[in-house]
Amino acid sequence: MIGRVTFLKTSKLRTLKMSHDSAPSPLSSSTGSSLTGTIRVPGDKSISHRSLMFGALAVGRTTVKGLLESEDVLATADAMRAVGAIIEQLDDGSYSVDGIGLGSLLEPEQVIDFGNAGTGVRLTMGIFGSHNIAATFVGDASLSKRPMGRVLNPLREMGTNVIARDGDRLPASIRGAETALPITYRVPMPSAQVKSAVLLAGLNAPGETTVIEPIPTRDHTEKMLKGFGADITVSHNENGERVIKLKGQPELRPQDIDVPGDPSSAGFPLVAALIVPGSDVMIENVLLNEHRTGLITTLVEMGGDIEIINRRETGGEEVGDLRVKASRLKGITVPADRAPSMIDEYPVLAVAAAFAEGDTFMPGLDELRVKESDRLAAVARGLEANGVPCIETEDTLTVKGGADNIGGGTVTTHLDHRIAMAFLVLGMASHRPVTVDDGAVIATSFPTFTSLFEELGAVISANASEAA
């Protein structure tokens, strides 16, 4: 047990005002001209988080170009600073991370506030959980509802002591074991966050930590750990499950990282270009990791005109440019086993489905219930508020496309950035404007969302009457 838990003053290192502390800021979108132009979306959030974390655990200086400067990622930067890493922005806009090395983390003097960052808090729990330090984690109202037991339970097996709110939710305090225990852990749900948290905890555990993954999820952690010098192998057992083995206590080597564009963020201009008549948009430098391209595959199956050009490799990851033209979409059944490769993209896929001909059936969506909001319910209510018929069950969504007179409603975002952005995309092709109750939450992952879309020709307004 942790003998005493003190909730200290939250860090003031953050350079942006956290959206969960801001007053709600409604935004509306409406039909304008076709969307045209060439854009780059912000850097991939998953790789940005890990770049800061692995840089902090390496000995020496890691440089990161193209880091996503969102609230989520800045929260991770603060957390790494709190245990001794020096993270600074350089004159050219890139970031330097002077790491302190595995086993050398300092005990944080303040509570670690992760705002809305589920990836940040879960992966950081993994890192801290195998170090002999105590830390307390808090988050905003949305993050405080999300389940942390999926990460805390394997950490308990490794010797981490935990005090958490009922249901293993934030606020939570942990103290890592003096010597963490390596474990073999079968991930009970398809979750890259859980897999990654166990692997990151295993970094500071003597011996070999093994993670068995029945359903493959995004593999940035495995690829980046190998790049930083960790002894990590990936194979398959007789059941076809991925088996990831990591030898603990390596000396991680600093790296130079160029973060590619986030495919989840690219999903919003991608869908918008497909559904706004006459659109022709180029989205440059998008990450094309095979575990992240489910949305592209699905939209092509629906009839989307999407061309991938200039495929190339950088930092062990495939990237490319997407040329997207307005298309006549048709409803399909999305394979349930595709969900792990596009779990964050279902809200904007539902928007695409609203403009498709026929029904789009999306099974296997139970994980959406425990995202930043109950995303499955939030999407269904948002569609209904804007005249799009849909059927929601416990783990499926059917969107009935081709409705007349779409739009005119206000969507409750539940502090969820992807709900806000998805329904602003809906408004760009709707018959009537669509309003989201809080656009401030978009800064969580895509702070340039509004300005980027306005460059393409979209109509987004802070005042619903202006959008009309």
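Taken together, the values in this text are just the output of simple stated rules run on the coordinates, not laboratory data. Here the structure is a predicted model, which means the values were calculated and not measured. Heads up, the Cβs are rebuilt from the backbone with ideal geometry, glycines too, and the neighbour counts pull from every protein chain shown.
Quick notes
- Test item: Cα-centred dipole of the range 45-246, Lys/Arg +1 and Asp/Glu -1 on Cβ, debye: 500
- The modelled label-to-label distance for the pair R253/E290, using points 7 Å beyond Cα in the direction of Cβ, is 2.6 nm.
- Calculated mean residue ellipticity, 222 nm, the chain: -8000 deg cm²/dmol, from DSSP H runs (n ≥ 4) at -39500 (n - 2.57) each, averaged per residue and rounded to 500.
- The dipole here belongs to the range 208-326: it is taken about the Cα centre, uses +1 on the Cβ of Lys and Arg and -1 on the Cβ of Asp and Glu, and is about 60 debye.
- Cα gyration tensor shape of the range 45-246, rounded if a/c is under 1.5, else prolate or oblate by comparing a/b with b/c: rounded
- Nonlocal amide H pairs with S373, under 5 Å, H built at 1.01 Å: none
- Residues of the range 40-63 with amide N under 17 Å of a point placed 7 Å along Cα→Cβ from S96: 52, 55-63
- Overall form of the chain: prolate. Here a/c, set by the Cα gyration tensor axes a ≥ b ≥ c, is 1.5 or more, and a/b is the larger of a/b and b/c.
- Peptides 340-352, 128-140 ranked from most to least packed give 340-352, 128-140, packing being the mean of other C-beta atoms within 10 angstrom over each peptide's residues.
- Residues whose amide H comes within less than 5 Å of that of E69, counting only those at least five positions distant or on another chain, are G43 (H built at 1.01 Å from N in the peptide plane).
- Our coupling estimate for the range 269-281, obtained by passing each phi through the Karplus curve with A = 6.51, B = -1.76, C = 1.60 and θ = phi - 60°, is x, 4, 5, 4, 5, 6, 9, 8, x, x, 6, 8, 10 Hz, Gly and Pro reported as x.
- Couplings 3J(HN,Hα) of the range 61-76, computed from phi: 9, 9, 10, 10, 9, x, 4, 5, 8, 9, 4, 4, 6, 5, 5, 5 Hz, in residue order, whole Hz [Karplus 6.51 cos²θ - 1.76 cosθ + 1.60, θ = phi - 60°; x for Gly and Pro].
- Anisotropy class of the range 33-81 from Cα gyration tensor, a/c 1.5 cut: prolate
- Among T160, G267, V198 - extreme Cα towards positive end, dipole of the chain, charges at beta-carbon: T160
- Residue pairs, from the table K145/K195; K371/K400; K223/K371; K65/K226; K195/K330, whose Cα atoms sit over 28 Å apart: K195/K330
- Full-stretch length increase - N310, R156 - with 0.36 nm per residue and alpha-carbon distance subtracted: 50.9 nm
- Model label points for E109 and N132, set 7 angstrom from Cα along the Cα-to-Cβ axis, are 2.3 nm apart.
- Only Lys, Arg, Asp and Glu carry charge here, each on its Cβ (+1 for the first two, -1 for the last two); on that basis the chain has a dipole of about 740 debye about its Cα centre.
- Sorted by Cβ density within 10 Å, fewest first, the residues E357, E222: E357, E222
- Taken one residue at a time, the phi angles of the range 353-370 give Karplus couplings (6.51, -1.76, 1.60, θ = phi - 60°) of 5, 4, 9, 7, 8, x, 8, 10, 10, 10, x, x, 9, 4, 5, 5, 5, 10 Hz. Gly and Pro are set to x.
- Peptides 67-76, 396-405, 164-173 ordered by average Cβ neighbours within 10 Å, highest first: 67-76, 396-405, 164-173
- Once the Cα-Cα distance is subtracted from the 0.36 nm per residue extended length, the R328 to I86 segment shows a gain of 82.1 nm.
- Label-point separation in nm, A164 to V59, each point 7 Å along Cα→Cβ: 3.3
- With both residues required to sit in the chain, DSSP beta bridges show an antiparallel share near 75%.
- For the peptides 174-181, 420-427, residues were scored by their other Cβ atoms within 10 Å and the scores averaged per peptide; the highest-first order is 420-427, 174-181.
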